Amino acid sequence: MMNTPFTAYGQTIDDASDNFHRGHYDVPHPHGTLHLGTTTCVMGILNVTPDSFYDGKRYDTREEAVEQALKMVKDGAAIIDVGGESTRPGAFAVSEEEEIKRVIPVIKLLSKQIRTPISVDTCKAKVAERAIDAGASMINDVGGLQADEKMAQVAAGSRVPVIIMHKKGTPLTMQKNPIRKNACVEIMAFLRKSISLVTEAGIEKNKIILDPGIGFGKTAQQNLEILKRLREFTCLGFPLMVGTSRKKFIGAVLDLPVQERLYGTLATLAVAVMNGAHIVRVHDVREAVQVVTLCDAIRNS
C-alpha cells in the first residue's frame, strides 16, 4: 500500500488542501454566530491596564472604558476584547486578583449595554471563568491554552469560542529569546498541540480560532514572513485572527513611534485580509473597518 504523503506541517496533503480551500466558518457564541469568510470581523481592543504599550491609562474609570467600547461598536467592531494584563514586551505579570478587579466590573457594565460578543483577553483560567459569568462570550488566550492547565476545561464547560494564540516565552523574555529557526513550522506545531489539548477537553472544533501571535517571541523579519505566508496556516482548518495593531515591527520598518503607526498598521491589515485572515484585532476600529471592507469587496468580486 502506498504511504499517504504528508506536508511539512504534519498533515496529509489531501487534508491540507481541503482546509486551504475552505473559506467560510460559522462560530457559535452565547449571543449568536460569527459568520467568518465573506466579510472580515474587526475586534476592538479595550485595555483596562495602566501599562499597555499604546492605550495604557487612557480609561481611568469603568465608565470611560465602557464609553470607548460603545464607540468601537458604533464604528463597526464585531467583537470587543477586554484585557486586564499588559502583554507588551518587558511587561510584568499581574496577579489573578488584580486582573479580575480590572476586567470584571467593565465586562459586567458592558454586557448589559451591547449584544456584540465580548471576549476576555487572558491566559488565566479563573479570570476567564469569572469573565464568562460576568457576560463575556469568548476567551482570547495569548497562552494558547497551554499557560494554565485549567483553561481548556473552563472553555469546554462554558461552551464559548476560544482564540488560541502562539506565544514564545513570557512578556519579560519573549523578545530576548525569540524563535531561532523556521517560525512558521514552530508556530504550526504549537497550534497543533493546543488544538489537541482543547479538543480532548471537549471543545467543539467549530469554536476554535487560531492566531499566529505576531510580535510574541518573533523578530521583525519573522513577523513580516508570517504575514506573507499567512494563508499557509489555513491548512489547519480553522479561522484565523491576526493582531498587528501599532506593534514594534511596524515601527522598526517605518522608523516611527507607536503614536504614528496607524498607516503602517492599516497596510498590514490589508495584507492579512488578502492572505486569509478572518478577524483583525485593532485599536483603531473606524479606520480598520474601512480597510477590511474594501479588501473584502476585492476578494469577493
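The values are calculated or read from the model by the stated rules, or taken from the named source; none is laboratory data. As the structure is a computational prediction, the values presented were derived from the model and not from experiment. Every residue, glycine as well, gets a Cβ built from its backbone with ideal geometry; the counts of neighbours run over all protein chains shown. In case anyone asks, the SASA skips ligands and DNA or RNA and just uses the protein heavy atoms, side chains included. Shrake-Rupley method; radii C 1.70, N 1.55, O 1.52, S 1.80 Å.
Listed conditions (1) modelled with pLDDT under 85; (2) open to solvent by 60 Å² or more (accessible area, probe 1.4 Å); (3) not in a helix (DSSP H, G or I) are all met by D26, apart from (1). Only one of the listed residues (D81, D75, D14) is open to solvent by 20 Å² or more (accessible area, probe 1.4 Å) and at pLDDT 95 or above. That residue is D75. Reported count of residues in the range 210-229, each being assigned to a helix (DSSP H, G or I) and not polar (S, T, N, Q), is 6. Look at the range 25-43: where a residue is within 13 Å of G276 (Cβ to Cβ) and a partner is acidic (D, E), sitting 6+ places away or on another chain with Cβ atoms under 7 Å, you get T40/D296.
Where helices (runs of 4 or more DSSP H) sit wholly within the range 242-301, those with at least 2 residues that are charged (D, E, K, R) and in contact with a helix residue (DSSP H, G or I) (Cβ under 8 Å, 6 or more places away or on another chain) occupy 285-299. Scanning the range 135-151 for residues that are over 10 Å from I118 (Cα atoms) and surrounded by fewer than 24 Cβ atoms within 10 Å (Cβ to Cβ) returns V142, G143, Q146, A147, D148, E149, K150.
Note on the range 111-130: among residues that are surrounded by fewer than 24 Cβ atoms within 10 Å (Cβ to Cβ) and in a helix (DSSP H, G or I), the one that is nearest to the chain's Cα centre (by Cα) is A125. State whether one or more residues within the range 85-98 are modelled with pLDDT of 95 or more, open to solvent by less than 30 Å² (accessible area, probe 1.4 Å) and not hydrophobic (A, V, I, L, M, F, W, C). Looking for residues that are modelled with pLDDT of 95 or more, open to solvent by less than 30 Å² (accessible area, probe 1.4 Å) and not hydrophobic (A, V, I, L, M, F, W, C), one finds none in the range 85-98, hence no.
Regarding T265, is this residue at pLDDT below 95 and within 26 Å of I80 (Cβ to Cβ)? For T265, the condition - at pLDDT below 95 and within 26 Å of I80 (Cβ to Cβ) - is not met.
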